[in-house]
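Beneath this line is the structure, given in structure tokens, with notes to follow.
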Amino acid sequence: MPFYKRLNPKRLADKRTLERLIILRKKLRDQIPARTQSRTLLLGSWNIRDFDKPGYGARLDESFYYIAEIIAAFDLVAIQEIYRDLTALNKLMEILGGNWKYIFSDASEGRQGNDERIAYVYDSSKVRFGGLAGELVIPPIEKRVKQEDGSTRVVVEPVGQVWRTPLICGFQAGWARFMLCNVHVQWGDSSAEAPGRKKEIEHIAEFLKKRTEDPTAWARKLILLGDFNIFNRKDSTYEVLEKAGFRCPDAFKEVYSNVARTKQYDQMLLRERKDRFEVLSGGTFDFFDTVFLDEDEDTYKPYMVKKSDGSLYRSYSQWRTFQMSDHLPLWLELQIDYADEYLESKLKKG
């Protein structure tokens, strides 16, 4: 449970925050399964828009409380679009409390990297970090080239790296031991079939396919999750993932993760060598019918200034996505208690 001690109901903004938190908590209880200590794992994935990139001005204090409340509904959350400066992430962790830990990548360099980090935030009283952590680097392609004398030689061709480096980590919760690969696939080309995006997804999918087939892999199960910038699961960019053996849980077949509910940008995809994940439920969560409501526009107008240059946001609907996000969080409920199955298999050996 997040820490609310700094909220003072005598201050107007804090009073509003407290009122909205009560409504938000009720909606979370109504729409997301209750957390359990050992039976299930609630896994989330959320692109928190430009968290907290200075060009768009700092978020209001109340926004951090709403974001923390949503994250606290889960056990483990993969986050994308964390800015190089960790001030916002540390502020979020302070609200979440001491049981919550994080692992984050180095900032991606260059214009395409956008100064972004990727992170995992998890409740350490439930989830254990397994020790595996690494940023995904695509290996070069090796080709055999025939020479004039009839012999062949190996030619190594470098491969362009992923714009924002994916972060692979191993976790354990209950009986479940699994790897997560958190990605934010390239943006820029507005077409659904953007060749650069498709190639980047293809590189990631093939790399992880080989990794899960490796008998020395840290775990048999892997979840590839994050923002893929995929428009629709019917696009060829998504077919690349299916060909590599990743499966979409039924809970996400018709889920759209942008605020407008028109795009399937975000994904949570499973790949198992054996012993498939048992998915109990899943979905997304829309926060804009409890916080930063349409009718709140007049209340927030004084805050709708980009602090970096003093200019105004294009609209209230745009501004509020920089307070919360233009993406909705995805979540999965996974079975992690297999004690009955283990005992039955052990009994059969007698």
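The values are calculated or read from the model by the stated rules, or taken from the named source; none is laboratory data. Quick caveat: nothing in here was measured; it's all calculated off a predicted structure. All Cβ positions, even for glycine, are placed from backbone atoms using ideal geometry, and neighbour counts span all protein chains on display.
One line per residue, one yes/no per condition, for (1) over 21 Å from W218 (Cβ atoms); (2) in contact (Cβ under 8 Å) with a residue 40 or more places away in the chain; (3) in contact with a strand residue (DSSP E or B) (Cβ under 7 Å, 6 or more places away or on another chain); (4) not charged (D, E, K, R):
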| site | (1), (2), (3), (4) |
| --- | --- |
| G97 | yes, yes, no, yes |
| E116 | yes, yes, yes, no |
| L132 | no, yes, yes, yes |
| E135 | no, no, yes, no |
| V154 | yes, no, yes, yes |
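Return the total of residues in the stretch 125-142 being out of contact with any Phe, Trp or Tyr (no Cβ under 7 Å at 6 or more places or on another chain) and modelled with pLDDT of 75 or more. Don't jump to the end; show me each part of the working.
Going residue by residue through the stretch 125-142, those that are out of contact with any Phe, Trp or Tyr (no Cβ under 7 Å at 6 or more places or on another chain) are 125-126, 131, 133-135, 137, 139-142.
Cutting the leftovers down to modelled with pLDDT of 75 or more gives us 125-126, 131, 133-135, 137, 139.
Summing the residues that are out of contact with any Phe, Trp or Tyr (no Cβ under 7 Å at 6 or more places or on another chain) and modelled with pLDDT of 75 or more in the stretch 125-142 gives 8.
Would you be able to say whether some residue in the stretch 296-315 is modelled with pLDDT of 95 or more and within 22 Å of D227 (Cα to Cα)? No: the stretch 296-315 contains no residue that is modelled with pLDDT of 95 or more and within 22 Å of D227 (Cα to Cα).
So, in the stretch 275-309, how many residues would count as being closer than 28 Å to Q172 by Cα and either among the aliphatic types (A, V, I, L, M) or more than 24 Å from the chain's Cα centre (by Cα) (or both)? Don't jump to the end; show me each part of the working.
First, pick out the residues of the stretch 275-309 that are closer than 28 Å to Q172 by Cα: 275-285.
Filter once more, so that each one left must be either among the aliphatic types (A, V, I, L, M) or more than 24 Å from the chain's Cα centre (by Cα) (or both): 279-280.
Adding up the residues that qualify gives 2.
So which residues in the stretch 39-89 are of a type in the set (G, A, S) and touching a Ser or Thr at 6+ places or on another chain (Cβ under 8 Å)?
First, pick out the residues of the stretch 39-89 that are of a type in the set (G, A, S): 44-45, 55, 57-58, 63, 68, 72-73, 78, 88.
Passing the criteria: G55, G57, A78.
Tallying residues that are within 19 Å of S257 (Cα to Cα), touching a residue at least 12 places away in the same chain (Cβ under 8 Å) and either of a type outside the set (D, E) or crowded, with 21+ Cβ neighbours inside 10 Å (or both) within the stretch 288-303 yields 4.
Give the stretch 304-332 a look and list any residue that's surrounded by fewer than 15 Cβ atoms within 10 Å (Cβ to Cβ) and either under 17 Å from A13 (Cβ atoms) or in contact with a Pro (Cβ under 8 Å, 6 or more places away or on another chain) (or both), or say none. Answer for the stretch 304-332, where residues must be surrounded by fewer than 15 Cβ atoms within 10 Å (Cβ to Cβ) and either under 17 Å from A13 (Cβ atoms) or in contact with a Pro (Cβ under 8 Å, 6 or more places away or on another chain) (or both): V305, K307, S308.
Whether any residue in the stretch 95-110 is out of contact with any Cys (no Cβ under 9 Å at 6 or more places or on another chain), among the charged types (D, E, K, R) and over 28 Å from G283 (Cβ atoms) is what I want to check. Walk me through how you get there before you give the answer.
So the first thing to find is which residues in the stretch 95-110 are out of contact with any Cys (no Cβ under 9 Å at 6 or more places or on another chain), and the list is 95-102, 104-110.
From what's left, among the charged types (D, E, K, R): 101, 106, 109.
Of the ones still in play, those that are also over 28 Å from G283 (Cβ atoms) are 106, 109.
Yes, that holds for at least one residue.
Restricting attention to the stretch 22-44, the residues that are surrounded by 14 or more Cβ atoms within 10 Å (Cβ to Cβ) and either among the polar types (S, T, N, Q) or not in a loop (DSSP other than H, G, I, E, B) (or both) total 10. Looking only at residues of the stretch 310-350 that are aromatic (F, W, Y), out of contact with any strand residue (DSSP E or B) (no Cβ under 7 Å at 6 or more places or on another chain) and in contact (Cβ under 8 Å) with a residue 24 or more places away in the chain, we find that the one that is farthest from G174 (Cα to Cα) is Y342.
Counting the residues of the stretch 246-271 that are surrounded by fewer than 17 Cβ atoms within 10 Å (Cβ to Cβ) and either acidic (D, E) or farther than 20 Å from E333 by Cβ (or both) gives 6.
Selection over the stretch 179-232 of residues that are assigned to a loop (DSSP other than H, G, I, E, B), at pLDDT 85 or above and of a type outside the set (D, E, K, R) gives a count of 11.
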